[in-house]
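This report concerns only the one structure given below.
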Amino acid sequence: MKAEEILAHVDHTLLKQTATWADIQRICDEAVKYHTATVMVPSAYVPRIVAEYGDTLKVATVVGFPNGNCNTAAKIAETAQALADGAQEIDMVINIGMLKAGETDYVTDEIRALKKLCGERVLKVIVETCFLTEDEMVAACHCVTDGGADFIKTSTGFGSAGAKLSDIDCFKKHIGPKVQMKAAGGIHTREEMEAFLEAGCTRLGASAAVSVLKDEL
């Protein structure tokens, strides 16, 4: 798989708490140069990116990040503001505690509410697989599908572990046909990126992709 093909599936990500505007500008410049799918950034920076870069790159941001257990009204407000600021893709974190308690209607309803706001814009749903049993992962697949989201995503990168190929195998068996898969968290090598894409992921969350692959371009 060519480096260009891999990077076209990458959300070039910088979500560290310490990220400055200079750091954000660097990853935006890299995203434009290497044609990544998006930049994935904290929502505070979305208006400045849109003002500076316009339509030269696609901006994605996170909602309810990284814990997912704020209330639905807060996630709705956060999503609405991000979209108004120009974000084109939203990666939301589910309420993991609600899922683990079996309150799947709550999780589904929250996803549905955010997808209604997003409309044609992309909604990815982070289920944080490192905290879930296999049965809970299956339940999360159903919530994401029934909520009408565009993607199911493995991880925030802030949990106890990142993406695993076994997570993707589970997703493939239990998501609906319209749901795509994103692997994120702990993806550091070319081999790992290729493996997740070959397993069926159409998007990768990776902060290291550009630095790993740029010498091939």
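Things to note:
Conditions tested, residue by residue: (1) surrounded by fewer than 16 Cβ atoms within 10 Å (Cβ to Cβ); (2) closer than 26 Å to V127 by Cα; (3) not hydroxyl-bearing (S, T, Y).
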residue	(1), (2), (3)
T18	yes, yes, no
D23	yes, no, yes
D55	yes, no, yes
N69	yes, yes, yes
A84	yes, yes, yes
A87	no, yes, yes
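- Filter pass, V62 being outside any helix (DSSP H, G or I), surrounded by 14 or more Cβ atoms within 10 Å (Cβ to Cβ) and either of a type in the set (G, A, S) or in contact with a His (Cβ under 7 Å, 6 or more places away or on another chain) (or both): no
- Verdict on Y45 being farther than 27 Å from R190 by Cβ, buried (at least 17 other Cβ atoms within 10 Å of the Cβ) and of a type in the set (F, W, Y): yes
- Matching residues in the stretch 25-42 - criterion: being touching a Cys at 6+ places or on another chain (Cβ under 6 Å) and open to solvent by 10 Å² or more (accessible area, probe 1.4 Å): none
- Positions within the stretch 102-140 being without any contact (Cβ under 8 Å) to a residue 12 or more places away in the chain and either of a type in the set (S, T, N, Q) or closer than 27 Å to G186 by Cβ (or both), in sequence order: T133, D135
- Selected residue [crowded, with 19+ Cβ neighbours inside 10 Å, in contact with an Asp or Glu (Cβ under 6 Å, 6 or more places away or on another chain) and either not acidic (D, E) or not in a loop (DSSP other than H, G, I, E, B) (or both)] from K115, K182, K124: K124
- The set of residues in the stretch 147-178 that are over 16 Å from the mean Cα position of the chain (by Cα) and of a type in the set (K, R) comprises K172, K173, K178.
- From the list L217, L204, the lone residue that is in contact with a Phe, Trp or Tyr (Cβ under 9 Å, 6 or more places away or on another chain), open to solvent by 70 Å² or more (accessible area, probe 1.4 Å) and either among the hydrophobic types (A, V, I, L, M, F, W, C) or within 22 Å of P66 (Cβ to Cβ) (or both) is L217.
The values are calculated or read from the model by the stated rules, or taken from the named source; none is laboratory data. Predicted model, so just to flag it, every value in this text is computed and none were measured. Backbone-built Cβ (ideal geometry, glycine too); neighbour counts: all protein chains shown. Ligands, DNA and RNA are stripped out before the accessible areas are found, and what is left, the full protein with its side chains, is counted by its heavy atoms. Shrake-Rupley method; radii C 1.70, N 1.55, O 1.52, S 1.80 Å.
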